[in-house]
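The values are calculated or read from the model by the stated rules, or taken from the named source; none is laboratory data. Remember, it's a predicted structure, so these values are computed and weren't measured experimentally. In this analysis, Cβ positions are derived from the backbone assuming ideal geometry, glycine residues included, and neighbour counts consider all displayed protein chains.
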Amino acid sequence: MKLAVTLGDPRGIGPEVVAKAVRQLLDRRSSERSELILIGPNGTGAEGLADHFIPIGDWDNSGDLIEAGRLAGRSIERATELALSGEVAGIVTAPIDKAALNLAGYSYPGHTEMLAELAGAPEVAMMMVTEETPLGGPLRIILATTHIPLAEVPTRLTIELISGQARLAAHALERGWALTDPKIAVCALNPHASDGGLFGDEEARVLEPAVEALSAEGYSLAGPIPADTIFLRALGGEFDLVIVPYHDLGMAVFKTISFGRGVNLTVGLPFVRTSPDHGTAIGIAGTGRADPRSMVAAIELAERLGRNWGSPQQMR
C-alpha cells in the first residue's frame, strides 16, 4: 500500500515533523509497512528520506508568504491527483498556513474544504480522532461546523447538516473501525441543552428533530446532551463518537485531552485523508523542537483506514 504525504507550508514545522516521523516509522516497521511518497518543494531537507519524493518547485527559505502558499497548494493538488487515480490509498497532509494559501489564490478556509472541492465530494466531515487518552477510552468527534465565525453557527446548524454528518460518522465507524452499531451522541449548542428553551431554541428546532429522524432510520443516536457532561461520557465508553456544533467547543476539549497524539480525519472523501492535530508553528520552525508524535499517528491511522476502506472507487 502507498500513501502520499505532503510537506505543508515550507516556513512551518511540516517538513520537520514529516522527516522525524518517517525516520521513526522506518526504524520500527517490518517489510509490510506502506510505501511513503513525500510531496513538496526541494530545499526543505525532506528529500530522499522516504521511498519516493515528488518535487513541487523549490524553496529557498526566503519566507515569502505567497510562494509558500503556492507550493503548499500545488502539493495538495498533486497528492489528490494520486489518490483519485488509485495510485495511493490515501494522503497525509502536514499543516498549512490558511492566510498564505489564500494569498496564493486558493480561496479555501482550510484543507478540508479544498480537498472536498478537488475530489468532488458533495459532503464531508472533519473528524478528530485519538485512540488513547489519559482518561482511558478513545475520543472521536465530528465538528458540524468548522472554520466559520461563531456568530454564524446558529444559522448554519440545520437538521439536514446534523443528519448528514451523523450518517458520514456511522459509515466511517462501521468501515474503518468495524463497529457494527456505532453509538453516536449529539452535543448541545446552548448551556444545559437550553433547559427546555430558556437559553435558545436550537436544541428543540434542529438537534432533537435530527436525532429523532436518524433514530427512526435505525441509527444509534443520543442527544442533544450538554457539553459539560458529554465528553466525559464518551471517554467512559458510552459513545463511539460525538458530533459537536462548532469548532472551538470540540477542539478545546480534544486538544486538552490529546494534544500531540490526535489526528484530523476528513470523512466523506473518496480516499483516506489524515493530518496531525497541530498547526504550522512557524515560531519554532528550524529549531529542531517540533514533536512528530501526531504526524506518526496520522500516518498510522491512514495506513489502518487505507487497508480497511479499500480503493477510491470502492469508497464512492
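Within the range 207-234, track down each residue that is under 20 Å from Asp248 (Cα atoms) and buried (at least 20 other Cβ atoms within 10 Å of the Cβ).
Answer for the range 207-234, where residues must be under 20 Å from Asp248 (Cα atoms) and buried (at least 20 other Cβ atoms within 10 Å of the Cβ): Leu207, Gly223, Pro224, Ile225, Ala227, Ile230, Phe231, Ala234.
Give the residue that is nearest to Leu235 (Cα to Cα), with candidates limited to residues of the range 106-151 that are outside any loop (DSSP other than H, G, I, E, B) and of a type in the set (Val, Ile, Thr).
For the range 106-151, the residue satisfying everything is Thr133.
Given Ala79, Ala50, which one is at negative phi and in contact with a Ser or Thr (Cβ under 9 Å, 6 or more places away or on another chain)?
Going through Ala79, Ala50 in turn, the sole match is Ala79.
Which residues, counting only those in the range 25-51, are surrounded by 14 or more Cβ atoms within 10 Å (Cβ to Cβ) and over 21 Å from Gly279 (Cβ atoms)?
Of everything in the range 25-51, those that are surrounded by 14 or more Cβ atoms within 10 Å (Cβ to Cβ) and over 21 Å from Gly279 (Cβ atoms) turn out to be Leu25, Arg33, Ser34, Leu36, Ile37, Asn42, Gly43, Glu47, Leu49, Ala50, Asp51.
Picking from Ala46, Ala72, Ala50, Ala100, which residue would you name as being part of a helix (DSSP H, G or I) and within 24 Å of Val296 (Cβ to Cβ)?
Ala72
Determine whether Arg78 is under 19 Å from the mean Cα position of the chain (by Cα), surrounded by 16 or more Cβ atoms within 10 Å (Cβ to Cβ) and closer than 19 Å to Ala4 by Cα.
Answer is yes for this residue.
Could you please find all residues in the range 263-311 being under 14 Å from Val17 (Cα atoms), part of a loop (DSSP other than H, G, I, E, B) and either touching a residue at least 12 places away in the same chain (Cβ under 8 Å) or of a type outside the set (Val, Ile, Thr) (or both)?
If the condition is that a residue be under 14 Å from Val17 (Cα atoms), part of a loop (DSSP other than H, G, I, E, B) and either touching a residue at least 12 places away in the same chain (Cβ under 8 Å) or of a type outside the set (Val, Ile, Thr) (or both), then Asp277, His278, Gly279, Thr280, Ala281, Ala285, Gly286, Gly288, Arg289, Ala290, Asp291, Pro292 are the ones that fit.
Would you pick out the residues in the range 162-216 that are assigned to a helix (DSSP H, G or I) and of a type in the set (Ser, Thr, Tyr)?
Hits for the range 162-216 are Ser163, Ser194, Ser215.
Sort through Asp228, Asp248 and tell me the only one that's farther than 22 Å from Arg175 by Cβ, of a type outside the set (Gly, Ala, Ser) and under 15 Å from the mean Cα position of the chain (by Cα).
Every option except Asp248 fails the conditions.
Any idea how many residues of the range 82-131 are charged (D, E, K, R), assigned by TED's automatic domain parsing to the domain that holds Ala172 and touching a Ser or Thr at 6+ places or on another chain (Cβ under 6 Å)?
Residues in the range 82-131 being charged (D, E, K, R), assigned by TED's automatic domain parsing to the domain that holds Ala172 and touching a Ser or Thr at 6+ places or on another chain (Cβ under 6 Å): 0 in total.
Kindly provide the set of residues from the range 19-59 that are modelled with pLDDT of 90 or more, charged (D, E, K, R) and out of contact with any helix residue (DSSP H, G or I) (no Cβ under 8 Å at 6 or more places or on another chain), ordered by number.
Listed by number, the list holds a single entry, Asp58.
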